[in-house]
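Below: the structure, in structure tokens.
The values are calculated or read from the model by the stated rules, or taken from the named source; none is laboratory data. Quick caveat, the model's predicted, so the values are computed rather than measured. FYI the Cβ positions are ideal-geometry reconstructions off the backbone, even for glycines, and counts take in every protein chain you see. To get the accessible areas, we keep the full protein, side chains included, count just its heavy atoms, and leave off ligands, DNA and RNA. Shrake-Rupley method; radii C 1.70, N 1.55, O 1.52, S 1.80 Å.
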Amino acid sequence: MTDHGTVQNRRHWTAAILLAVVLSGLGLQMRGAVVPELKIEFVVGKGLLGLVGPAGTLGYIVSIAIVGAIAGRLHLVRWYTIGLAVTALSIAGLGLAPTFLVFLSVLVVRGLGDGIIRGLDRPMLSHLYPDARGRVFGMYDLAWAVGSAAGPLVMTAAIALGDWRLAYLGLAAALVPVVAFVWRLDLPFEAGQEAILDREALATLLRTKEIVAMALAMFFHTGLEGGLFLWLPTFGIEAAGLSQANANLLLSAFTIAYVPGRFAATAIVEHYDYSLLLVGIELLLVPTFFVSFFVVSGLATFPVVFALGVLVSGVYPLLVAFGTDAAPEYSAPINAIAAVSSSVSFALVPMAMGFLAETSGIRPAMWLPLALTVGVLPTILAARRSISIRDGLGE
């Protein structure tokens with residue numbers, strides 16, 4: 001392949017991956033907006049609705065862990081395309097699900113497809129842009145933010161047209177040309193750039209301070225994201241005094257804030273230390289969360305939740321870049337470690353919040369993600385101290 005062809009192919013891959021990420025974020029963020037509709041159509045309580053989070057995450061954890069461990073041995077194009085195809089078919093299945101149990105089951109299958117995609121796309125970008133990893137990860141997460149901001153709006157539009165199922169069927173149709181386009185592409189880098197993971201390498205990764213801190217901080221942080229993605233519209237209706245349409249817009253305000261937040265993170269990520277940026281964000285994030293859910297109400301909730309979204313949006317990409325820079329040749333396993341750690345919290349926290357909301361109300365349930373996110377700051381500070389001591393001894 002000529003240099004021109006390589007550059008063009010890299011651009012095609014970048015466009016395909018980012019478009020798939022946009023659609024992935026859109027599909028994920030339709031869940032919170034559809035929860036009130038599921039409650040009405042399938043006649044289920046908040047406790048069972050809380051299972052929407054873990055059902056979508058179960059298959060994801062399994063597949064991304066496996067793909068991350070064996071990525072160095074996989075035919076990347078073939079498996080990435082398979083992941084896209086499984087995701088498209090399962091999203092169509094969500095739009096056709098006749099019962100809540102079937103809806104949950106299809107979410108598990110969709111998670112399997114998503115896990116394959118997410119297990120390969122960020123590592124592929126890491127090898128496509130080895131000298132600009134922080135910036136391209138910021139672009140990746142910015143693309144996700146654009147899609148996630150559109151998710152509640154798309155679902156609200158489908159509901160206004162008379163049927164929430166239209167949103168899922170439309171999303172499935174949008175993925176079909178992406179699958180066809182990717183299938184025709186070749187990778188512009190050697191497949192062997194992703195190192196093959198063995199037991200010794202895995203043990204080394206799990207002892208690396210940056211990766212341990214990344215995984216632990218991910219667990220603390222993404223419980224907040226998972227909880228808000230699923231329960232923010234319900235909070236808007238039951239605690240903030242908003243109509244259902246405005247409550248869905250509250251989720252949109254939160255996710256739209258990811259766009260400027262991720263844009264800012266992309267612009268500054270290569271100029272400052274990742275851990276220092278994380279410390280600054282967390283010092284602002286915790287009090288902003290408290291004000292959002294325990295101080296203001298009504299329309300005043302919108303600007304504070306928007307500010308919260310701006311802050312929250314920068315944490316995940318910074319944590320992944322922080323961990324990946326410690327061993328970039330193992331991008332896929334590190335990506336999988338981050339994804340598994342975050343996904344466990346992403347699944348369990350919304351479920352626990354559902355049971356708390358059932359017994360005590362939605363506002364008291366918001367204490368759970370707040371309590372978890374408080375743990376991010378000491379984790380990063382401890383990692384900074386440990387790395388400084390290690391570097392000092394190395395000198």
Positive dipole terminus of segment 198-394, leading residue within S292, S252, A264 (C-beta point charges): S292
Quarter of the Cα convex hull surface for segment 210-260, i.e. its orientation-mean projected area (nm²): 4.3
Axial C-alpha extent at least 20 Å, average Kyte-Doolittle at least -0.5 - helices from the chain (DSSP): 3-42, 52-70, 76-96, 100-128, 133-161, 165-183, 209-238, 274-294, 331-360, 376-394
Rh by Kirkwood over Cα pairs, then Stokes-Einstein D for segment 38-157 at 1.306 mPa s and 10 °C, µm²/s: 100
Percent accessible area from carbon and sulfur atoms, segment 198-394, protein chains only, probe 1.4 Å: 69
Segment 15-107 shape via C-alpha gyration tensor axes, a/c threshold 1.5: prolate
Two-decimal ratio, the chain, of alpha-carbon radius of gyration to 2.2 N^0.38 Å: 0.95
Mean Cβ neighbour count within 10 Å, used as a protection proxy, ranking 341-347, 14-20 highest first: 341-347, 14-20
For the chain: accessible area per residue (Å², 1.4 Å): 39
For segment 313-341 versus segment 98-140, the gap between their alpha-carbon centres in whole angstrom: 13
Dipole magnitude of segment 198-394 about its Cα centre (Cβ charges: Lys, Arg +1; Asp, Glu -1), debye to nearest 20: 260
Viscosity 0.890 mPa s, temperature 25 °C, Stokes-Einstein D of segment 286-395 from Kirkwood C-alpha radius, µm²/s: 149
Segment 24-66 shape via C-alpha gyration tensor axes, a/c threshold 1.5: oblate
